[in-house]
């Protein structure tokens, strides 16, 4: 009990000291008044010293202390101006007096819990005939039946119409992951209308129901596309594609991201938990809903603390490529194979010729593929020969920089309009696989020569592309400045999100 009383008295003295300083401040303000009665100054001083005496008193009854404090403001009311000062002081004084009374040990306060039941009047909201509007995104493996179940549509007639009507069925077959559809459903689960994504014809298909005879009608709605830019970021917790799905990236953008950084990062073995990525990409909208994702404009990946960044840049000659922040092209100067899908049927070096039956030096690599398989130029170049050439059959020879040339033999046909002197770009289709010349089966014979000396295309060191220099490098840096700022913004979002997660973990 003594300890508690000491604590109470210590708190009261602290409050009295605070009230003294408050009076001192008011006294200073009153002293600045042009017309201030001397009696008011005298009373203020008297109150200050009385409070000082009270705070210095070691042994004092809490009841007398509270009475003395509560009495102080009313001593100021004898003058006209004192009414203002007394009102101000009373605010602090009442707090001190109330504290002393409530915390007095001799007057315990009882606590009682009172529970009062309040009457709640139920309000019934009537929505007769009001339909539901759904904006649904197509997920991987989605079918028309799974979409109907997810939206709560129980309408066999609508399902049958969408599957049997030629125009509607074609639009349903063109549904792609990431696209969205809009459905209007009544309270009974019947489909009133459905707007499907844009078709290959460039129009949007809308299926509407005639409520009078319950028939369906299909109409084409022209779409006014709006282009925009999307920004997404994510943190690796399990796998790359799990993180991109969590970040809301379309599958096509996730594949582009893997292709862009696939030469620097092995996404099967190099990924670590906590790696981050940021992506800026083009997208098109239809009535505010994203319909199709375009190309990545800029991307950044932080793998094991190492930062990689790429930017899409269009050069003055109109060619768009991805470059590192240093201006080095991300594209290799040469593709390893001129066919997208193939298998090697004969390697570079000495072998028994399949037709002549003797040992000969094979100066290239044979890729087995069906007749008609497209053949790509493995690098930018100029056509130096096109036509038939002995055992090579139909042959194309391209001349590249640094005295490098490539040859494509046994072709079935050449690309239309291709002739000597024409320039081709890497990846451009220049012909198709055939079986012309000395062959036993359809395949492509591919050669790479440096200074007219044959090299093994599968093991040779592929030269890098020419980096940006001079004015083009200055243009690149100027054009990527805004993308760098956007990537920095994504990094801040990731950092802020990780900070919130850490704080939540500590709590």
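Quick note: the coordinates plus some simple rules give every number you see, no bench work behind them. Fair warning: this is a prediction, and the values are worked out from it, not measured in the lab. Every residue, glycine as well, gets a Cβ built from its backbone with ideal geometry; the counts of neighbours run over all protein chains shown.
Relative intensity of segment 385-507 on a log10 scale, I(q)/I(0) at q = 0.14, 0.16, 0.17 Å⁻¹, equals -0.76, -0.88, -0.94, per a Debye sum over C-alpha point scatterers of equal strength in the absence of solvent. For segment 234-297, the mean projected area of the C-alpha convex hull, equal to one quarter of the hull surface, is 4.3 nm². Segment residue 187..residue 237, full-extension length gain: 13.9 nm, with 0.36 nm per residue of separation and the alpha-carbon distance subtracted.
Size estimate for segment 343-455 follows the Kirkwood approach: the inverse of mean 1/r over distinct Cα pairs works out to 14.1 Å. Full extension of the chain between residue 456 and residue 474 gives 2.7 nm of extra length, using 0.36 nm per residue less the Cα-Cα distance. The calculated FRET efficiency for the pair residue 314 and residue 360, based on their C-beta separation and a Förster distance of 60 Å, comes to about 0.80.
Note on residue 164 and residue 494: the model spin-label points, each 7 Å out from Cα along the C-beta direction, lie 5.3 nm apart. Modelled spin-label separation between residue 149 and residue 441, with each label point placed 7 Å from Cα along the Cα-to-Cβ direction: 4.5 nm. Under 19 Å from a label point set 7 Å out along the Cα-to-Cβ vector of residue 425, the amide N atoms of segment 243-286 belong to 256, 260, 282. Oblate is the label for segment 132-222, because the ratio a/c of its alpha-carbon gyration tensor axes (a ≥ b ≥ c) is 1.5 or higher and a/b is not greater than b/c.
Given R0 = 56 Å, the distance between the Cβ atoms of residue 403 and residue 251 translates into a calculated FRET efficiency of 0.85.
If R0 is taken as 35 Å, the Cβ-Cβ distance between residue 227 and residue 306 corresponds to a FRET efficiency of 0.60.
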